[in-house]
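Take a look at the structure below.
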Amino acid sequence: MNGEGLHSVRIETLQVNLGLLCNQRCVHCHLEASPQRGEIMGWPVMELVLKAAKSARCQMVDLTGGAPELNPNFRRFVATLRQERLPVQVRTNLTVLLEPGMEEMPDFFRDHEVQLAASLPCYLEENVCAQRGKGVYEKSIAAIKRLNGVGYGFDPELPLNLVYNPGGPFLPPPQSALEQDYRRELGQRFNITFTRLLTITNVPLGRFRTELIRKKGEEDYMHLLQESFNPNTVKGLMCCHQLSVGWDGTLYDCDFNLALGLPVNHGAPDHIRSFKPKELRTRRVVTGEHCFACTAGAGYSCGGALV
Ligand code: SF4
Ligand code: SF4
C-alpha cells in the first residue's frame with residue numbers, strides 16, 4: 001500500500017512444520033500432505049529450533065505438518081520445549097488421535113499443557129467428508145470426545161480451538177456467528193465442547209489450486225480474493241509476527257511460502273542453522289498473488305479472522 005513492501009515486526013510465534021507425512025489426504029491441502037510423503041524433520045533440526053525459539057524469546061511454538069504427531073520424535077520434542085517453559089500449540093487433524101499407538105496422546109497433551117488447534121471444516125458430516133475423506137467426521141467427533149474427557153475445551157488452561165475452512169472457492173462466513181452455530185450443533189448432537197472457532201480462507205495452492213484449475217475456477221477465485229482486499233487486515237498478517245521452519249530447517253515467512261518453496265529472502269538468513277533474531281525480526285516478507293487470501297474480507301491468520 002505504501003510502495004515499500006511488507007515487513008515483519010517481531011517473531012512472536014515460531015511455526016514448525018514437522019513433516020509432510022499425514023494419515024489423511026484432504027482435497028484442500030495446500031501442502032499436498034499424505035500417507036505417502038516421506039519428508040520428516042529430524043532431531044538435529046529440532047535441536048536448532050529449540051535454540052532459536054529460546055534466543056528469539058518466542059511466545060509460542062506452533063507445531064504443524066502433515067500430522068505433526070506422526071513424527072517419530074514428536075513427544076521428545078514437545079517434552080523438551082515444555083521443559084524450557086516454551087508454550088506449545090499443536091495443529092492436529094483429530095483423526096490421527098485414533099491411529100494405533102496414539103491412545104495416550106490426549107493425556108500426553110494435557111500433562112504437557114499443550115494448546116490445541118483442530119481442523120473441523122463443518123459441523124455437518126457430508127461437508128467434512130467431502131473435503132477430508134470418508135469416515136473423517138465420525139473419527140473427528142470421537143477424538144474431540146476423548147479430548148473433552150481429559151479436560152480440553154472446558155479447562156481454560158487446556159484450549160481446544162476448532163478450525164473452519166470453506167468447502168469451496170468462497171470466503172468464510174463471519175467467525176462469531178459461525179462459532180455459535182458450531183457450539184449449538186455439536187453440543188446438541190454429541191454433547192461436545194470447544195474453546196473458540198477460528199475461520200480461515202482456502203489459499204489457492206497445492207491440491208486446492210489443482211481442483212480450482214480442474215473446475216476452471218482459478219481466475220474467478222483470484223478475482224474474488226483481490227476484489228475483497230481489506231487494508232485493515234495488513235497490520236495483523238501472520239508473516240508480520242511469525243516465522244515458519246520447514247521440515248529440513250529452511251526458513252519461510254509463512255506456511256504458504258513454504259508450500260511454494262519460497263524461503264525468506266531480501267538478505268535475511270534462510271536456514272535455522274544461521275538463525276539470527278535481530279535480522280529476522282524486521283525482515284522484508286516475500287509476497288505473491290497468494291497473499292490476497294490473507295487480506296480478503298475479515299482476513300486470514302493461523303489464529304482465525306483478523307478483523
Ligand atoms: S489438510 Fe491437514 S489433515 Fe489434510 S492432508 Fe493436509 S496436513 Fe493432512
Ligand atoms: S501468504 Fe503472504 S500475506 Fe499471507 S502470511 Fe504468507 S507472506 Fe504473509
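The values are calculated or read from the model by the stated rules, or taken from the named source; none is laboratory data. Note that the coordinates shown come from a computational prediction; the quantities given were computed from them, not determined experimentally. Cβ: placed from backbone, ideal geometry, glycine included. Neighbour counts: every protein chain shown. All accessible areas refer to the heavy atoms of the entire protein, side chains included, with ligands and DNA or RNA removed. Shrake-Rupley method; radii C 1.70, N 1.55, O 1.52, S 1.80 Å.
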Short version: ³J(HN,Hα) in whole Hz for each residue of segment 285-299, in order, from phi by Karplus 6.51 cos²θ - 1.76 cosθ + 1.60 (θ = phi - 60°), x for Gly and Pro, what are they?
7, 7, 10, x, 4, 4, 4, 5, 5, 7, 9, 7, x, 7, x
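What is the dipole size for the chain, taken about its Cα centre, with +1 at each Lys and Arg Cβ and -1 at each Asp and Glu Cβ, in debye to the nearest 20?
The dipole of the chain has a size of about 440 debye.
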Report, in cubic angstrom per residue, the convex hull volume of the C-alpha atoms of the chain.
122
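Compactness ratio of segment 177-251: Cα Rg over 2.2 N^0.38 Å, N = residue count?
Values: Rg = 17.4 Å, N = 75, 2.2 N^0.38 = 11.3 Å.
Scaled against compact globular proteins, the figure is 1.53.
For the chain, what % of the accessible area comes from carbon and sulfur atoms, probe 1.4 Å? Mind dumping the intermediate values first?
Details: 6810 of 13920 Å².
That fraction is 49 percent.
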How many angstrom separate the Cα center of segment 238-302 from the Cα center of segment 136-164?
29
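In units of 2.2 N^0.38 Å, what is the alpha-carbon radius of gyration of segment 113-240?
Numbers: Rg = 16.2 Å, N = 128, 2.2 N^0.38 = 13.9 Å.
In units of the globular-protein estimate, segment 113-240 measures up at 1.17.
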Diffing segment 200-210: the Karplus 3J(HN,Hα) column from phi (6.51, -1.76, 1.60, θ = phi - 60°), in whole Hz with x for Gly and Pro, holds 10, 9, 6, 8, x, 9, x, 5, 5, 5, 4
Along the dipole axis of the chain (charges at Cβ: +1 for Lys and Arg, -1 for Asp and Glu; origin at the Cα centre), the most positive-end residue among Leu21, Phe275, Leu6 is Phe275
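Mean shadow of segment 43-200, computed from the convex hull of its alpha carbons, in nm²? Walk me through the numbers on the way to the answer.
Working: hull surface 39.1 nm².
Averaged projected hull area, Cα only: 9.8 nm².
Report the Stokes-Einstein translational diffusion coefficient (µm² s⁻¹, integer) for segment 1-116, Rh taken as the Kirkwood radius over Cα pairs, at 25 °C with viscosity 0.890 mPa s. Intermediate values should be presented prior to the final figure.
On the way: Rh = 15.2 Å.
Answer, rounded: 162 µm²/s.
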With unit charges on the beta carbon (Lys/Arg positive, Asp/Glu negative), name the residue among Thr250, Gly65, Cys122 whose Cα is farthest towards the positive pole of the charge dipole of the chain.
Thr250
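If we sort 248-256, 133-141, 167-175 on the protection proxy, mean other Cβ atoms within 10 Å, highest first, what's the order? Can you show the working numbers first?
On the way: 248-256: 22.7, 133-141: 18.0, 167-175: 15.8.
Highest mean packing first, the order is 248-256, 133-141, 167-175.
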Nitroxide proxy distance, nm - points 7 Å out along Cα→Cβ at His266 and Arg284:
0.6
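Relative contact order (percent) for segment 234-307, with alpha-carbon contacts under 8 angstrom and 6 or more residues of separation? Display every interim value, and only then the final one.
Details: 87 pairs, mean separation 19.9, N = 74.
Value for segment 234-307: 27 percent.
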Sorted peptide list for 89-100, 8-19, criterion being average Cβ within 10 angstrom, highest first:
8-19, 89-100
For the Ala177, Asn2 Cβ pair and Förster radius 35 Å, calculated FRET efficiency rounded to 0.05 is 0.55
At q = 0.18, 0.21 Å⁻¹, work out log10 I(q)/I(0) for segment 232-299 with the Debye formula, treating every Cα as an identical point scatterer and leaving solvent out; two decimals please.
-0.64, -0.84
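Sorting check: for 74-86, 45-57, 194-206, which peptide has the highest mean count of neighbouring beta carbons within 10 Å, and how do the rest follow?
Values: 74-86: 15.9, 45-57: 18.2, 194-206: 22.2.
With the highest mean Cβ count within 10 Å placed first, the list reads 194-206, 45-57, 74-86.
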Answer rounded, prolate or oblate for segment 154-307, using the Cα gyration tensor with square roots of eigenvalues a ≥ b ≥ c: rounded when a/c is under 1.5, else prolate when a/b is larger than b/c, else oblate.
oblate
What is the distance in Å between the Cα centres of segment 5-63 and segment 172-216?
22
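How many Å² of accessible area per residue for the chain, probe 1.4 Å? It would help to have the intermediate numbers written out before the result.
On the way: 13920 Å² over 307 residues.
Heavy-atom accessible area per residue stands at 45 Å².
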Based on the alpha-carbon gyration tensor of segment 1-61, what equivalent-ellipsoid semi-axes (square roots of 5 times the eigenvalues) come out, in whole Å, largest first?
27, 21, 9
